[in-house]
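Before any comments, here is the structure.
The values are calculated or read from the model by the stated rules, or taken from the named source; none is laboratory data. Note that the coordinates shown come from a computational prediction; the quantities given were computed from them, not determined experimentally. Every residue, glycine as well, gets a Cβ built from its backbone with ideal geometry; the counts of neighbours run over all protein chains shown. Calculation scope for accessible area: heavy atoms of the full protein, side chains included, ligands and nucleic acids excluded. Shrake-Rupley method; radii C 1.70, N 1.55, O 1.52, S 1.80 Å.
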Amino acid sequence: MEENNNIPSSSLSGGNDSGVMPIENLIHIIRGQQTMLDSDLAKLYGVETRVLNQAVKRNIERFPADFMFQLTKEEAGDLRSQIATSSSRSQNVILKQGHNIKYLPYAFTENGVAMLSSVLRSKTAIEVNIRIMRAFTAMRSFLMSNAHIFQRLETIEHNYLLVNRHLSEHDRKFEEIITCLDGKQAETIEGLFYDGQIFDAYTLISDLIRKATDRIILIDNFVDDRVLKTLDKRKDGVTALIYTNPKKSQIVLDIKKHNAQYPEIKLQHCDNVHDRFLIIDNTVYFIGGSIKDLGKKIVAFSQMHQSPDDILSKIK
């Protein structure tokens with residue numbers, strides 16, 4: 001039986017050779033685990049998928065459910081739709097006419113792949129498994145290093161799905177803000193943006209800009225082209241004016257280029273203002289950080305019960 005499990009040494013392909021797909025690209029997250037398909041493993045070992053699976057079945061006691069499992073039709077269909085880089089890759093899951101799966105592949109977890117080295121006994125099998133184990137480690141390191149990004153994306157997606165069902169506590173805060181802007185309540189608008197709430201901060205500022213009916217005045221010593229793009233969300237006929245210190249913001253050239261293509265944003269020099277303020281029509285908002293950096297650190301914002309003229313008359 002042992003000679004039937006050997007893999008020809010000539011089949012080993014270098015992971016960086018031209019035209020050879022990196023092993024990391026063959027690792028798929030299925031059922032929350034890093035896995036590799038039997039067909040991809042067979043190609044790396046230089047044998048037919050049938051031969052690999054036969055060797056596994058002869059040693060099935062070494063492959064419990066957490067080492068190897070067969071995909072369902074739904075999982076195979078979803079995976080096939082994700083793999084569209086080449087015709088050879090798309091044949092991992094073959095469909096008949098209609099939507100019937102002709103072949104349901106087996107997925108091997110990291111432990112299952114490691115066990116293959118004891119079933120497929122050859123020098124090539126050992127070398128291939130070393131490469132695969134390194135690829136699993138690299139993939140795991142990548143996922144851990146970028147966990148905060150994936151978590152943030154999941155949070156955004158989760159909040160989006162909640163919109164049509166119910167509002168979360170944070171969503172209700174935004175609804176209260178917009179309600180106040182509509183003049184339906186006289187409550188003070190205030191709150192905090194925490195580190196990482198970049199999209200939430202951007203959404204709030206954009207909504208404030210869209211609500212303006214007459215004028216928008218921004219007082220901020222650190223302005224860049226991203227702020228100009230945000231101000232362009234204002235309605236037609238709404239004027240925009242920025243008070244800033246050009247020596248700090250480097251905004252003069254950006255303003256010239258912007259105004260050559262989009263509705264004018266006026267620029268006024270000031271150097272005696274420390275905090276940031278956003279004036280929407282006749283309402284003043286205090287903002288603890290520059291608009292371009294909101295969500296990167298903990299920042300407070302608050303509606304002020306003060307006339308815009310009180311601030312504007314003191315600027316110089």
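Of the residues making up segment 125-134, those that are at pLDDT below 75 and buried (at least 20 other Cβ atoms within 10 Å of the Cβ) number 2. Selection of segment 193-240 for residues being open to solvent by 20 Å² or more (accessible area, probe 1.4 Å), under 18 Å from ILE315 (Cβ atoms) and β-branched (Val, Ile, Thr) yields only THR239. Among the residues of segment 170-217, just one is of a type in the set (Ser, Thr, Tyr), at pLDDT below 60 and in a helix (DSSP H, G or I), namely THR179.
The rows are residues; the columns are (1) in a helix (DSSP H, G or I); (2) farther than 22 Å from ARG131 by Cβ; (3) open to solvent by less than 80 Å² (accessible area, probe 1.4 Å).
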| residue | (1), (2), (3) |
| --- | --- |
| GLN34 | no, no, yes |
| LEU41 | yes, no, yes |
| LEU44 | yes, no, yes |
| ARG50 | yes, yes, no |
| ASN53 | yes, no, yes |
| VAL56 | yes, no, yes |
| GLU61 | yes, yes, no |
| GLU75 | yes, yes, yes |
| SER81 | yes, yes, no |
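In segment 100-116, what residues are farther than 15 Å from ILE23 by Cβ, open to solvent by 10 Å² or more (accessible area, probe 1.4 Å) and modelled with pLDDT of 75 or more? Listed by number, the residues that qualify are TYR103, LEU104, TYR106, ASN111, MET115. Can you tell me which residue within segment 256-314, out of those that are among the hydrophobic types (A, V, I, L, M, F, W, C) and modelled with pLDDT of 90 or more, is surrounded by the fewest Cβ atoms within 10 Å (Cβ to Cβ)? Selected residue: ALA260. Would you pick out the residues in segment 242-270 that are small (Gly, Ala, Ser) and closer than 14 Å to THR230 by Cα? Within segment 242-270, no residue meets the criteria.
Just to be sure, is LYS247 basic (Lys, Arg) and either closer than 13 Å to ILE265 by Cα or assigned to a loop (DSSP other than H, G, I, E, B) (or both)? So LYS247 does not fit the description; no.
One line per residue, one yes/no per condition, for (1) in contact with a helix residue (DSSP H, G or I) (Cβ under 8 Å, 6 or more places away or on another chain); (2) part of a loop (DSSP other than H, G, I, E, B); (3) farther than 25 Å from ASP195 by Cβ; (4) among the charged types (D, E, K, R):
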| residue | (1), (2), (3), (4) |
| --- | --- |
| ILE255 | yes, no, yes, no |
| HIS258 | yes, no, yes, no |
| GLN268 | no, no, yes, no |
| ASN272 | no, yes, yes, no |
| PHE277 | yes, no, no, no |
| VAL284 | yes, no, yes, no |
| LYS292 | yes, no, no, yes |
| LYS297 | no, yes, no, yes |
| PHE301 | yes, no, no, no |
